[in-house]
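Input: a single structure, listed below in structure tokens.
The values are calculated or read from the model by the stated rules, or taken from the named source; none is laboratory data. Values in this document were obtained by computation on a predicted structure and should not be read as measured data. Ideal geometry is used to build each Cβ from the backbone, glycine not excepted, and the neighbour counts take in all protein chains shown. Heavy atoms of the whole protein, side chains included, go into the accessibility calculation; ligands, DNA and RNA do not. Shrake-Rupley method; radii C 1.70, N 1.55, O 1.52, S 1.80 Å.
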Amino acid sequence: MKKFRKILVALVFAFMAFVGLTGCGKGDEIVGAQVVSGTIATTVAKGGTVDTSKMKAQIRYKEAETKTVDMSEMEIVQAPDTSVVGETTMKVKYNGYEFTVTIRVVATESDVNSISLLESQLLIDYEANRKITPGAKDMADQSTWRNEFFIGDSPLYVGDDNAFNFRLNAAGRDGAGKPVLDIEKVRTNISIARKEGSTFVALDEDGIETYIDEIDTEHTTIDFSDAAKGQVFQVLVEAANKDYSAEENATKFTAVLHVIDGYNVYNAADLSIYDNANRDGIWTDKKAATGMTGKTTNAIILQDNIQVTRDDVPAGYFWNAQTQGELAGYQVRMNKLKELEQTEDDLLDGTLINDSSTAIYRRVVEDGKEFKFEGNYFQVDLSLFPKAVSEDTAATSNVKVVSKKDGQAVTGYFSTFYNTVANPAAVSAGTGLKIQNVRFYGNGSLNNEVENSGSIIFMKNNYVNTHAYNTIQHNYYIGYFLELGKQANTGKFLIEKCKGYNSYQDLLYGYGAEEVVIKDSEFIDAGGPAIVAGYTGNVNGTDAATAHASNFYVVNSTVESNVFGTEAWFKNYHADAIVQQFSLLERLFSGEMGIAKSGKSIFAGHKDGAPVYNMIGIIYNTNMKSVTEPSYTQGSIRIFDSETEFNSFKAGGYQDGIGTYGLDTSKSIVGNAQATQSIYLESSASAGYINENVATNFDTTALGSLLNVAIYKMIAGAVEQGITAAQNAPFNLSENLAKAMFENVNVGTEATFGSKTFAEQQAELKRMLTALSQVQNLGATLVAGVYTTAKTQLAGLGVTLPETGDTAIQLAALSQVIDGATAYNTKSFSDGEQLNIYLPLGIGAMIGLTNLNA
Amino acid sequence: MKKSTIILIAIVYIASIVVISVLGLKAKMYNEIYPVTSIECLNETDSKTIVEDYNGKKLIRVQYTGEGNIETLEGTMVQLIYRVLPDNATNKKVKFVYNETLTRIHFVKDDNGNDLGLVLFTGTGIFNVRIMATDGSQVHTDIVIDVYP
């Protein structure tokens, strides 16, 4: 019995040890815990209490599992000491595991003699952010220009849905004269006046009751009522206990506030109100944790720079071994990453699920209403947001992952914002989205680090009419991404006075976007074309129901992207080989192909010996896996110098040639390219065109150049005949002496002749003919030979030369022909600022030409 | 050179051509940008200033000795020293953001309007200054300058 009892006790102890090791709930050891962001205020005024009623914590277990628990499951074992300014800790216990939370205790007015500094950080930031530096555009260092808005005089907007907080900075001196900073609960005197006509009239008691729901003079917040919408108020805030030795403006400030219907956003938790779709319930838990459940608004108004990190958005946006580890898709991606990077580390967990149907914030714009996103010149910052390391539109087949080792990039699909309408087939007039005065900063950059291919898209607008006004974007995978919209009251995208820079892929993307107008804006620098006008039909063009063309109209704007053509975008779509062929097209501009030197170049420059192109845009079929596939493509990109030109174009029924000849794959020249399997180049100014095989097929509008070369060849041929004749009877000259007879004619080579400008060629031909006529004993005969040949060939062009044997008349007639060649050169492929290139595959590209004579 | 060596070199040479033809050349970006990720204020206590950490914020204290004068370099002034990271950030230019309604603080600029980080004071006060990147990131660090009597 004793032995049995010992065994039983041992078994019980063993069982208890097992339970102790594995713990409850997850059956695993707890290795860490942290408070969920936004569920507790970690800054408290001295003497105050920390409200833990809504606190949640994320518990981490040894086997990488996590669990979120709320306050009812936790216990405060040591409350924070808020009696002293500085940092203090609060100890919390969950299921036997203790962790600490750091609380920052800030001073109150009781800690100082008086207030030496009272300022609004919001007003300081607002003023700094909207500043416009005169002459910034012309400075060599463009950083100031690129970082400042076009328009800086928009008022400060305030919403009435929640309190407006001036974000006070207060400081004073203690009894010893030492500074005390970050003071909370400062007594202030607040005066409010309402604008009536052109003056501000102080609000009396009735006015306060009408327009103000609540004023908090300690935290300097004002909650405007519904009645305040559309009104303008002047607010003066002064420290009640001010330091009289401080300068007057140091202890007071004034602001003019324009109140609108909207929600004031101060942090990422507030920004979650943007999402009203809550697709698959993904935002439910996060909004519940941050107290944003059920909140709605017609507009959001930024009142601070908003940084969005992983902790601020639903966990469901990221790969997670705990919830998805068993899925085949997770396994495939994880194994591929480990294999490529030759590591045992799990590189997938915590990265973005890169799915085209997903965005952080999804909004369905209410029918008949305009949703406003007012930035007040503040910024939404995604720079710390995780990137994707895989493509996730496919489940398990053909999965691509990022590989630093072999430079493999992925295509980005995930977007920050996604805006759409409920029913594209029935959209009422007035439905739309207005974004203004906002900066946006992405998590990518324009450099060779392949991880940037997993960065985020800025904003996708699907059908919903959008007016983006006075925005700035930097460092996204793609900037504005505009989709679809042939239905009534859809598909109109206006991007006005906006700036965009440094996209890893493109700055502006159209996915069947009906009408995109880029007006008075600047979009520069991408790792691919600045504009991609994507056509969404099938590659054969046989399914009209799904066919949507993208049409871009660039009006009085700078849109450019200087690229080698070997950037990741080009390699991804196998377009790098095609772009390298563009360097051969330079021969058509430099005078090497029998075409007079144009004074233009297809190159934007050179760097490290490699040519650089200004790739303004391309049109292609989005269903193509590679740009080397032949495809049916529709779409257009047009560039107008002014709004007047654009308006004329619209008034003229969108006819090509009014204001500009755009890159448009509905033109017959596209069919020509496909028929001849050649590249066609077209001028944006005149529609003058040339075929890359012009040397053999003469298919060009610039016939004058070819005529010059033809006459040159006649003269060169005549010189050869003359040299031969001089070596024969009756002259019998040696070869050297025979050549010396023609020294003054000096025809040179065809290459040097071709490298001259058109005007230089004309002058040279006349000189050579005159010199030919002056060759002793042979001149007249040879000129007659040239004349006869020219007469025959020009007859084909409808030009009739007189019948004459008189050398002087022949020379005069030929001189007229040479001058007349200009008439055949009225249109040239090189006379515009942009070059439209049509590839036999059905793809179009627009390149900016460089004027070498500028 | 041995025949076998020559053959080996030829094989490698041809294989290289094939590999590059199949795989292509490495992706190359024309205009690389490396954004600013942080800014540090490097000021330390010296003969004229006392520098402390105040709840994670740098506090620079200087006694007011008269109006700061850029011509004579006399009076009350502070030269802000900072570092922009990463070291290969494309644009390391910064700007200084502060309450411009205050009259006792002046930032010295060069002829092109660029901030030099030199701050002149014409009176006492407590001044919040933000050193901010100008590459669009809005990365910044906040400091406080206490000019005491």
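Quick rundown of the values:
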| read-out | value |
| --- | --- |
| Positions within the stretch B:111-131 being touching a Gly at 6+ places or on another chain (Cβ under 8 Å), within 12 Å of another protein chain (Cβ to nearest Cβ) and open to solvent by 10 Å² or more (accessible area, probe 1.4 Å), in sequence order | B:THR122 |
| Strands (runs of 3 or more DSSP E) contained entirely in the stretch A:303-387, each with at least 1 residues that are of a type in the set (Val, Ile, Thr) | A:359-365, A:379-381 |
| Sole exception among (1) open to solvent by 60 Å² or more (accessible area, probe 1.4 Å); (2) modelled with pLDDT under 95; (3) polar (S, T, N, Q) for A:THR701, by number | (1) |
| Residue in the stretch A:461-476 that is buried (at least 24 other Cβ atoms within 10 Å of the Cβ), among the hydroxyl-bearing types (Ser, Thr, Tyr), within 21 Å of A:GLU560 (Cα to Cα) and within 14 Å of chain B (Cβ to nearest Cβ) present | yes |
| Residue within the stretch B:140-148 that is over 19 Å from A:LYS252 (Cα atoms), within 11 Å of chain A (Cβ to nearest Cβ) and touching a helix residue (DSSP H, G or I) at 6+ places or on another chain (Cβ under 8 Å) present | no |
| Any chance A:GLN655 is within 31 Å of the chain's Cα centre (by Cα), more than 20 Å from A:VAL532 (Cβ to Cβ) and surrounded by fewer than 21 Cβ atoms within 10 Å (Cβ to Cβ) | yes |
| Selection from the stretch A:502-518 of residues that are crowded, with 24+ Cβ neighbours inside 10 Å, closer than 24 Å to A:SER642 by Cβ and of a type outside the set (A, V, I, L, M) | A:GLY510 |
| Listing of strands (runs of 3 or more DSSP E) fully contained in the stretch A:516-557 that carry 1 or more residues being over 13 Å from the mean Cα position of the chain (by Cα) and more than 13 Å from A:TYR480 (Cβ to Cβ) | A:531-535, A:550-555 |
| B:ASN99, sole failed condition from (1) assigned to a strand (DSSP E or B); (2) at the interface with another protein chain (Cβ under 9 Å from one of its Cβ atoms); (3) more than 17 Å from the chain's Cα centre (by Cα) | (1) |
| Failed condition for A:LEU302, given (1) of a type in the set (A, V, I, L, M); (2) closer than 18 Å to A:THR221 by Cα; (3) without any contact (Cβ under 8 Å) to a residue 60 or more places away in the chain; (4) touching a Gly at 6+ places or on another chain (Cβ under 8 Å) | (3) |
| Lone qualifier among B:ARG61, B:ARG83 - being modelled with pLDDT of 95 or more, more than 11 Å from chain A (Cβ to nearest Cβ), within 25 Å of B:ILE39 (Cα to Cα) and in a strand (DSSP E or B) | B:ARG83 |
| Check on A:ALA246, buried (at least 21 other Cβ atoms within 10 Å of the Cβ) and in a loop (DSSP other than H, G, I, E, B) | yes |
| Every residue from the stretch A:134-179 that is aromatic (Phe, Trp, Tyr) and either surrounded by fewer than 18 Cβ atoms within 10 Å (Cβ to Cβ) or assigned to a loop (DSSP other than H, G, I, E, B) (or both) | A:TRP145, A:PHE149, A:PHE150, A:PHE166 |
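The rows are residues; the columns are (1) without any contact (Cβ under 8 Å) to a residue 40 or more places away in the chain; (2) open to solvent by less than 60 Å² (accessible area, probe 1.4 Å); (3) small (Gly, Ala, Ser).
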residue	(1), (2), (3)
A:LYS791	yes, yes, no
A:THR807	yes, yes, no
A:ALA812	yes, yes, yes
A:GLY842	no, yes, yes
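Each row is one residue, and each column tells you yes or no for (1) modelled with pLDDT of 95 or more; (2) within 28 Å of A:THR826 (Cα to Cα); (3) not aromatic (Phe, Trp, Tyr).
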site	(1), (2), (3)
A:VAL554	yes, yes, yes
A:VAL563	yes, no, yes
A:ALA577	no, no, yes
A:MET593	no, yes, yes
A:GLY599	no, yes, yes
A:GLY617	yes, yes, yes
